[in-house]
Amino acid sequence: MDLNTIWFILIGVLFAGYAILDGFDLGVGMLHLLVKNDLHRRIFLNAIGPVWDGNEVWLITGGGALFAAFPEVYATVFSGFYIALFLLLVVLVFRAVAIEFRSKRESTRWRQNWDTAFSVASYLIAFLLGVAMGNIIVGVPLNKFHEFVGNFWTLISPYTVLTGITTVALFMMHGAIYLVLKTEGELQTIVKRWVNNTIIFFVICYVSTTMITLVYVPHMTQHFKDFPILFIVPLLNMLAIANIPREIYHQRYGWAFISSCASIAALLALFAIGIFPNLVPSNPNPEYSLTIYNAASSQKTLTIMLIIAIIGVPFVLAYTTAIYWTFRGKVKMEDLNY
Amino acid sequence: MGEVELLSRLQFAITAAFHFIYPPMSIGLGIALIIMEGMYLKTKDKKWEDLTRFWVKIFGIIFAMGVASGIVMEFQFGTNWATYSRFVGDVFGSALAAEGIFAFFLESGFLAILLFGWNKVKPTTHFISTILVAFGAHLSAVWILVANSWQQTPAGHHIVTRQVGDTIVARAEIVDFWQVVFNPSTIDRLTHTIIGAWLTGAFLVLSISAYYILKNRHLEHSKSAIKIGLIIAVIASFLQLITGHSSAVGVSKNQPAKLAAAEGLFETQTNAPLHIFGWVDEKEQKVKYGIAIPGLLSWLVHFDASKPVTGLDKFAPEDRPPVNIVFQSFHIMIAIGMLFILMSIVGIILWATNKLWTARWFLWILVFSVLLPHIANQTGWITAEVGRQPWIVYGLLRTSDAISKTLTPGSVWFSLILFTLIYLLIFVLFLFLLDRKIKQGIVDHSTDGIYAKQKIVVEKN
C-alpha cells in the first residue's frame, strides 16, 4: 500500500471519527426541541456538554490533514463550494454560541431562541455535510486546472438533497441512542420511543439512497464487482443497523450505541471504497478528477505527516478515552453546567 | 488591487483580528490558573480554590469564543486563497495538521475536566488537567507560529514545477522538516507572541481584581490575584523587551523592507535614527512631525551606530509594503510595551511599600489597562502581516497571485458582511457574559464540592 492510499484511509478515519462523535451531538441538537421542559432540555445539553467541543476538533483536524496531504482538494473544494462552506461555518459557529449562551439567562424567550438556533444549526450542519458527500459521489464540474466551474446551485440536486436528508436521519438515530445512554426515568422512556422512529426514518432514507445510487451512479459499485470480498462491508453495515433495535429491546444501550457507531463507520467505508482512488470526481470530463495521486503533497510530506500521526494518534485516543470515561454514566441534576 | 483580492484581504484581516482577541487571553490565563490552583494544592487554603474556580469559568467563556471564532480560520485558506493553498499546502498544511493533532485535542479534551470535572476527579488530576490545557494552548501557538513564520522567512523547502492541464505550475515542497519548523524567525516570533499572551492574561486578572478592590468586594481573593498578575506582568514585560529587540534584529536581517517601513526609513543610511513617534508622508518619502533619536536604530540593530540600516530605496516600488500603517502600528506596540514595564514597576513598588491597596488611582489604571495588551497584540500583527506585503510568502509568492481563481465579488461580499456581523455578535455576547460573571463575583465554595466534603469529614474527626 502506498503513502497516498494510507493518507486516503487516515483522512477517512478522521472524518469517520468526526461523524461518529459529533454525529450524536448533532442528533441531540435535532431532537432538542422535541422536549418542552426546560430541565429536560438542560439534561440534553449537558449530555453533550463536556464532549461536543472536543468532538468538533475531529472536523478541524480533518480539514488540516486534508490541507497537508491533499492540498489540491482543500483548495478546489473550499474555494469551489464557497457559499455552501460559509453557510456550514455559520451554522457551526451558531451551534457553538447557542450551546454556550442558552442557559446563561432565566428568560424563557432567550432560552427558546437559543434552543431554536441550536436545533436548526444541528439540522443544517448534518444536511450540508450530507449534500457535500452526495456531490463527491456524483462528481462536480472541474476544469483542467482542477478548478470548480459550477456555482452554489450546481451542488443542489435531488440526489444530493437525498444524501443530505439521509445524513440528518443517520445522526438523529445516533443522537437518540446516545440520549438513551445518558438519561434515566421518565425522560429515558420518552427518548426510547424516538429510537425506533428514527431507525425507521433512517432505514427508509438509506434504502432509497442505495437504490438510487445503484441506478444513477453505477461507478460507485465498480470496486465491489472487482473485489466481491468487499461485500462484507455493506453486510456488516446492515447487521449493525439491524442489531440496534435488538440491543435496545434487551436494554443493552451501550451495545446499541456501539452498533450505531459501527453503522456510521461502515457507511463511510462504503463511500470511500466507492470513490477510491478519486477524491473529487469530475463530472463531466472524468479525466479532470482529483485523485489521491494528482492532488497529493510530495512523498516527503506524506511521510512526515505519517510520523506525526503515529506519534499523535495514540495520545488523541488516550485523551478521548479518558475524557469519555470521566464523564460516563447518566447526566445528574447536580452536574448541570449548561 | 482587484475587488475580490481587496475583499478577501479585508475578510481575512477582520476574522483573524477578532479571533485573536481570545487565544492570547487563554494562553495567559492558563499560566495564572496553574499558579492559583498550584497554590491551592500547596496551601489547602480555600481562598485559592474559590479564585481558581472563578477564573476557570472566565477561561471557559474565553475558550468557547476562541473555538467559535477559530473554526473559520482553519478553512479560509482554501476558500479565498486557493492558489496560495496549492502553492504552500505541502509545507504549511503539515504545521496546521500538527496543531490539530498535538494541540487542539489536548486543549479541548482536558478543558472538559477543567470546567466540569471538579466533582468527578481527584484534586491532583484536576490540577494536571489545568497544566495540560495551558500546555495545549501554548502548543497550538507553537504550530500556528511555525506556519506563519515560514510565510515570513521561508526555509527548508524547494520549488518544484509540475504540469497541471496544459500549464506548468510551481509549488513549494518540504526538503527539511526541522528547517521549516525552526525557520529563521520562528523562535523570535513565537516567544514574542507567547509573552504577549502572558501579558494579556496578566492584565485581564489585574483589571478584574482591581475592579473588585475598588468596589470593596472579594478583597482577600483579589489581593492574591493582583499579586499573581503583577508577578507575571513584571517578568513578562521585561522578557518582552528582549524578544522584541531580538525580533527587530531578525527582521532587519531577513525582511529589511519590513523594518524600513516600520521605522519610515526611506534611504539606506549609517547612523539611522529611531523615531519615538511621527507621521509618514509616503509621497514625499519622509517622516513628518516626529521626534527621532539619531543613530539609535543603527545601534539597536548592530550595536554600532556607524553601521548602515537598509532603507526602502533598496527595494523596487512594487516590492515595498505600505509604510505609514506599518510605522504607526509598530510604534503603538512599542509605546504600549514601555507602558507595561512602567506599570509593572510602579505596581511592584506600591506593593513593596504596602500602598497598593489604597492607591485608588493606580487600581483604576489597572482596570482600564486590560485594553492595552489587546491593542499591542493587534498592532503587532498588523506590523508583521502588512509589513510582509506585497508578499504572502516572503519573496516567493505575491498576495495578488494567491487568490482563489473561482471567486466572484458577490460571493466574497456575502461572506464578508455575514462574518463581520457574526464576529461582532460573538464579541458583544462575550462582553455580556464576561460582565455577568464579574457581577456574579467569586463564589464561596466552602459548602459544596468534594474538597469541602473532605474538610467536613476532617473537622468532624
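Values in this text are rule-based calculations from the coordinates and carry no lab data. Given the structure is predicted, the values throughout are model-derived calculations rather than measurements. A quick note on method: Cβ atoms are made from the backbone with ideal geometry, for glycine too, and the neighbour counts reach across all protein chains shown.
Assorted remarks:
- Rg/Rh for the stretch A:3-328 (Cα atoms only, Rh after Kirkwood) is 0.97.
- Each residue of the stretch A:109-119 was assigned a 3J(HN,Hα) from its phi angle through the Karplus expression (A = 6.51, B = -1.76, C = 1.60, θ = phi - 60°), giving 5, 3, 5, 4, 5, 5, 4, 5, 4, 4, 6 Hz with x at Gly and Pro.
- All C-alpha to C-alpha distances of the protein assembly as shown, sorted into 10 Å bins beginning at zero, yield P(r) values of 2, 13, 22, 24, 20, 12, 5, 2, 0 percent in whole numbers.
- Label separation (B:D45 vs A:I258): 5.0 nm, computed from points 7 Å beyond Cα along the C-beta direction.
- Proximity of backbone amide H atoms, modeled 1.01 Å from N, is registered between B:G290 and B:W279 at under 5 Å, excluding neighbours fewer than 5 places apart on the same chain.
- Distance between the 7 Å Cα→Cβ label points at A:E186 and A:L306: 5.8 nm.
- Full extension of the chain between A:T116 and A:F224 yields a length gain of 34.6 nm, computed as 0.36 nm times the residue separation minus the alpha carbon distance.
- For A:A322, net neighbour charge (Lys/Arg +1, Asp/Glu -1) across residues whose Cβ lies under 12 Å away: +2
- Distance-filtered residues of the stretch B:310-328 - backbone nitrogen under 12 Å, label point 7 angstrom along B:E282 Cα→Cβ: B:318-328
- Inter-chain Cβ neighbour average for residues A:304-317, partner chain, 10 Å: 4
- Close amide H contacts of B:T270 (hydrogens built in the peptide plane, cut-off under 5 Å, sequence separation of 5 or more or a different chain): B:V309.
- Relative packing of A:18-29, B:286-297, which averages over residues the other C-beta atoms within 10 Å, highest first: A:18-29, B:286-297
- For B:108-119, mean number of other protein chain Cβ atoms within 10 Å: 6
- Residue-count net charge about B:W413 - beta-carbon cut-off 15 Å; Lys, Arg +1, Asp, Glu -1: -1
- Close amide-amide hydrogen proximity is noted between A:L290 and A:L279, A:V280, A:S282, each under 5 Å apart and 5 or more residues distant or on a separate chain (H modeled in the peptide plane; Pro and chain starts excluded).
- Summary value for chain B: 21 percent relative contact order, contacts being C-alpha pairs under 8 angstrom separated by 6+ residues.
- Theoretical FRET efficiency, 1/(1+(r/R0)^6), r = Cβ-Cβ of B:A17 and B:N324, R0 25 Å, to 0.05: 0.85
- The shape of the stretch B:271-336 comes out oblate: with a ≥ b ≥ c from the C-alpha gyration tensor, a/c is at least 1.5 while a/b does not beat b/c.
- Here the label points at B:R162 and A:N37, each 7 Å from Cα along the C-beta direction, are separated by 5.9 nm in the simple model.
- For the pair B:W364 and A:Y249, a Förster radius of 51 Å applied to the C-beta separation gives a FRET efficiency near 0.15, rounded to the nearest 0.05.
- Once the Cβ-Cβ distance of A:V313 and B:K307 is raised to the sixth power relative to R0 = 56 Å, the FRET efficiency obtained is 0.65.
- In order along the stretch B:398-408, the Karplus-derived 3J(HN,Hα) couplings, from 6.51 cos²θ - 1.76 cosθ + 1.60 at θ = phi - 60°, round to 7, 4, 5, 8, 9, 6, 5, 7, 8, 6, 10 Hz, and Gly and Pro are given as x.
- Peptide B:429-441, shielding by other chains (average Cβ, 10 Å cutoff): 1
- Gain in span if fully extended, B:I348 to B:E3, counting 0.36 nm per residue against the direct Cα distance: 119.0 nm
- In order along the stretch B:241-252, the Karplus-derived 3J(HN,Hα) couplings, from 6.51 cos²θ - 1.76 cosθ + 1.60 at θ = phi - 60°, round to 4, 5, 5, x, 4, 4, 4, 5, 5, x, 4, 4 Hz, and Gly and Pro are given as x.
- By average C-beta atoms within 10 angstrom, highest first, the peptides A:94-100, A:266-272: A:94-100, A:266-272
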